[in-house]
Amino acid sequence: MRKLILIMVIIVMSCAGNKKKLSDNLEVKITNKFIKDSSDIEVEVINNTSKNYYLQFDTSKLYEPITYFSSEYLHNIDLKLQDSNYNRIVYEIVDYQCYYPENIDVIKISKSVKNVFKIKSGESKKFKMPFLMKTKVNDYCWYGYQRKFMSKKNKYFVSFEYRMYSETDKDIIPLSTKDSLKQMGYEFYDKEINSNKVPLEL
């Protein structure tokens, strides 16, 4: 009888432990110990929830510079740069002559089921993305963090951010793609995610 009670206690404790592992939110962390300009950042997305999710970004495009600025671009992630006082260093965008694609299908291709980031329940996925203080498209178009607001006396940290910048962002992915993802068992993840902060070496 005592053995049976002991077994029951172990089973109950095991189930309770598994329930604690489940979460309502996705977790993201940068695995680098430090980051330098023009270095690769390894990002890990962990799904400890009970659902399969898709997120609104495309890992196949992370090493391609943004050659045109459009609200339709499938890119709801960013590398956030802050100082030790949580002051954010925002981008400066110089857009005198950026390239806009002649063929509008270029935008549509990046919104297919294949390109959307997907992660199943209990799954962990890693990908890399570049960290650049300045990205040059051409002599008349570039974007980068504003160094004029940075001081060598301060410490700076980089973190990964995923969020919807406006309500219209939720409609960037075509309805047909959303329907296909739903049939595959995936739900749209539109909650904001912020990763750990990693030191930047200037």
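The values are calculated or read from the model by the stated rules, or taken from the named source; none is laboratory data. Not measured: the values here are computed from a predicted model. Neighbour counts are summed over all protein chains in view; Cβ atoms, including those assigned to glycine, are modelled from backbone coordinates with ideal geometry. SASA here: full protein model, heavy atoms, side chains in, ligands and nucleic acids out. Shrake-Rupley method; radii C 1.70, N 1.55, O 1.52, S 1.80 Å.
Restricting attention to region 36-65, report how many residues are part of a strand (DSSP E or B), under 30 Å from residue 96 (Cα atoms) and open to solvent by less than 20 Å² (accessible area, probe 1.4 Å).
Applying the first criterion (part of a strand (DSSP E or B)) to region 36-65 yields 36, 39-46, 52-55, 57.
Narrowing the set further to residues that are under 30 Å from residue 96 (Cα atoms) leaves 36, 39-41, 57.
Remaining after also requiring open to solvent by less than 20 Å² (accessible area, probe 1.4 Å): 41, 57.
Of the residues in region 36-65, 2 are part of a strand (DSSP E or B), under 30 Å from residue 96 (Cα atoms) and open to solvent by less than 20 Å² (accessible area, probe 1.4 Å).
Take residue 68 and decide whether it is open to solvent by less than 30 Å² (accessible area, probe 1.4 Å), free of Cβ contacts under 8 Å to residues at least 60 places away in the same chain and either of a type in the set (S, T, N, Q) or under 27 Å from residue 173 (Cβ atoms) (or both). Break it down stepwise before answering.
On the way: open to solvent by less than 30 Å² (accessible area, probe 1.4 Å): yes; free of Cβ contacts under 8 Å to residues at least 60 places away in the same chain: yes; either of a type in the set (S, T, N, Q) or under 27 Å from residue 173 (Cβ atoms) (or both): yes.
Taking the combined requirement at face value, the residue satisfies it.
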Query raised in the report: Out of all the residues in region 133-148, which are part of a strand (DSSP E or B), in contact with a Gly (Cβ under 7 Å, 6 or more places away or on another chain) and touching a residue at least 12 places away in the same chain (Cβ under 8 Å)?
Result: 135
Report task. Being out of contact with any strand residue (DSSP E or B) (no Cβ under 6 Å at 6 or more places or on another chain) and open to solvent by 70 Å² or more (accessible area, probe 1.4 Å) is the filter here, so list the residues in region 123-162 that pass it. Result -> 139, 140, 147, 148, 149, 152, 153, 155
Query raised in the report: From 70, 121, 151, which residue is outside any strand (DSSP E or B) and modelled with pLDDT of 95 or more?
Result: 121
Report summary line: Within region 176-192, of all residues that are in a loop (DSSP other than H, G, I, E, B) and more than 18 Å from residue 76 (Cα to Cα), the one least open to solvent (accessible area, probe 1.4 Å) is 185
Query raised in the report: Can we say residue 195 is open to solvent by less than 90 Å² (accessible area, probe 1.4 Å), farther than 17 Å from residue 52 by Cα and touching a Ser or Thr at 6+ places or on another chain (Cβ under 7 Å)?
Result: yes
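Does residue 191 satisfy the condition of being free of Cβ contacts under 8 Å to residues at least 60 places away in the same chain and at negative phi?
no
Does residue 165 qualify as being aromatic (Phe, Trp, Tyr), within 18 Å of residue 58 (Cα to Cα) and at pLDDT 95 or above? Break it down stepwise before answering.
Values: aromatic (Phe, Trp, Tyr): yes; within 18 Å of residue 58 (Cα to Cα): yes; at pLDDT 95 or above: no.
Spelling it out, it is not the case that residue 165 is aromatic (Phe, Trp, Tyr), within 18 Å of residue 58 (Cα to Cα) and at pLDDT 95 or above.
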Query raised in the report: List the pairs whose first member sits in region 82-101 and is part of a strand (DSSP E or B), whose second member is open to solvent by 80 Å² or more (accessible area, probe 1.4 Å) and charged (D, E, K, R), and whose Cβ atoms are under 7 Å apart, counting only residues at least 6 apart or on separate chains?
Result: 82/88; 83/155
